[in-house]
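Okay, structure first, notes after.
The values are calculated or read from the model by the stated rules, or taken from the named source; none is laboratory data. Just so it is clear, the model here is predicted, and its values are computed rather than measured. Glycine also receives a Cβ, built like all others from the backbone with ideal geometry; neighbour counts cover every protein chain displayed.
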Amino acid sequence: MLIIALVGLAGLVSLPWWLPARVVALRVRVFERINGDEGIPVPGDLVGVEQFEEVYAHPAAGGRSRGAALSDLFWYWLSPGPEMHQEHLEAGDTYDAVARTTRRLLAVRRTEAEELARRCAGRALRDVRGLVRLRDLMIPMWAEFSYELVFGEPCPREARDLIAANAEDVAGALQCTRLRHMGRRDRLTAYLMRNLHRVRVPLPEGLTPRQQAYYLHGAFCTTAVVQLSEAMAHLLLVLARHPEVQERARTGDDAYLDQVMAETLRLYPLFGIAHRVTTGDIALDGRATIPAGSVLCFNYPAFHHAGCPDPDRFDPDRFAGPGAKRLNHIPFGVAANRPCPAWRLAPIVMRVVTREVLGRYVLDSSVSHTRAMPHRGPCLLTPRGAPHRPGLALAYLRARDRWEDVWRSLAQLVLGTYMVWDARRLRLCERHFSSSETFGPEPEGSHARHRTGHRP
Ligand code: HEM
């Protein structure tokens, strides 16, 4: 009896060391089971690392959503109005009009962007100290930043809270740590619809007001806020975990900070997989052909790791000198195939915010660091000049992180399985294209139908 109790106790105490990894592996298997294996992994057996960028940049690797079961999942996570999200639109007039508007909204002068980022950081960091979760700290800041990009005026509290609630909801659902709450997201769409007339550039013509609101919602209130918050949380977490890099980044020039940013996005690219549906055949050196209609799954982490010496080690110095050119590094996508429209702006404003944080605080953290970062970046912020004795806090963070990992991995398994199943059930993308083939472009209100699960 005593032995059974001791074995049980040992199993319980050792949970954090073995359970999370097994649950993650199980989740991957469940996802594959439900989603099927329609995709061609790149790099993989058919397309090697050396052809990764060539195939990504191929004119026939152009289909964005239609024809891939995987799209149903991304449309589910990036609802409402996923059919109007720039990332999901197929090539054509609507895509061109939307992409043009995004370029105009992002084309702010460098000094203005820096000033705006500085102001937003100043407000968000006021009165902050002690233990924080970096992503939670970043989301309201980038919500205000994004709002001002779109509306050209300071962000009211109501809008900041709506945008932040939406971004937290999307980020949490993407990481399977919570289910999506459409109510939170719908309230933001309604706010945007009431304020379309105040947007500082003309919105794409030929769209209904709801479609225009969905476009702004997707690109500027979801993608911009989630991506900048995730990227900054990764950057600040690596600095917190590497004190010597933190000190060099704080006292050094922008060139070194850029190396740290590049290395952070190499190790923790924001995209795990970006997929494309081929619109024609792609011949591979006469060896084989990728047929039209194939789903190509471009694996960013695998590409960034390939050919990199000691790829799991965090080392910003690999981006110093001529060797950097040989590294596989595409944090903002590939230029020839719909790269990130914020590839110029994002590093500029991230640099400013990093300097604002490092100027105010010493950062410390002892938590694990993975690409998905479901723990949202626990970190200790000690104001500069205050006594710096992080030992106890670091021990606490390490222990809490280990135990949180146990319940979080189980929650991710359950919630993730449910959402993958629900996305397959709703088939938002597949139904959008089949209904537009039958009835013409889908008008307003399609989202309401999707939510109730009604099938046409
Ligand atoms: C550090 C921050 C960011 C990173 C690392 C990043 C990364 C990326 C990547 C890799 C892609 C291409 C994915 C593919 O090939 O399918 C992409 C696309 C996109 N990003 Fe970003 N992004 C960031 C910030 C932003 C911001 C601030 C915005 C603001 C609007 C934005 C809007 C978009 C849009 C709309 C697309 C789709 C482009 C298209 O299909 O035309 N991103 N991003």
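Looking at 262, 240, 302, just one residue is more than 10 Å from the ligand (Cβ to nearest atom), part of a helix (DSSP H, G or I) and over 18 Å from the mean Cα position of the chain (by Cα), and that residue is 240. When segment 317-341 is filtered for residues that are closer than 16 Å to residue 261 by Cα and more than 10 Å from the ligand (Cβ to nearest atom), the ones remaining, listed by number, are 317, 318, 319, 320, 321, 324, 325, 327, 328, 329. When we screen 200, 248 for residues that are within 30 Å of residue 136 (Cβ to Cβ) and either more than 15 Å from the ligand (Cβ to nearest atom) or without any contact (Cβ under 8 Å) to a residue 40 or more places away in the chain (or both), the only hit is 248. Mind checking whether some residue in segment 325-345 is in a helix (DSSP H, G or I) and under 20 Å from the mean Cα position of the chain (by Cα)? Yes, there is a match, as at least one residue in segment 325-345 is in a helix (DSSP H, G or I) and under 20 Å from the mean Cα position of the chain (by Cα).
Can you pull out every residue in segment 285-299 that is in contact (Cβ under 8 Å) with a residue 24 or more places away in the chain, assigned to a strand (DSSP E or B) and surrounded by fewer than 16 Cβ atoms within 10 Å (Cβ to Cβ)? Within segment 285-299, 288 is the sole residue that qualifies. In this structure, residue 446 does satisfy being at pLDDT below 90 and buried (at least 18 other Cβ atoms within 10 Å of the Cβ).
When restricted to residues that are in contact (Cβ under 8 Å) with a residue 60 or more places away in the chain and closer than 30 Å to residue 82 by Cβ, segment 388-433 contains 23. Considering only residues in segment 267-293 that are of a type outside the set (A, V, I, L, M) and away from the ligand (no atom under 16 Å from the Cβ), the one that is modelled with the lowest pLDDT turns out to be 286.
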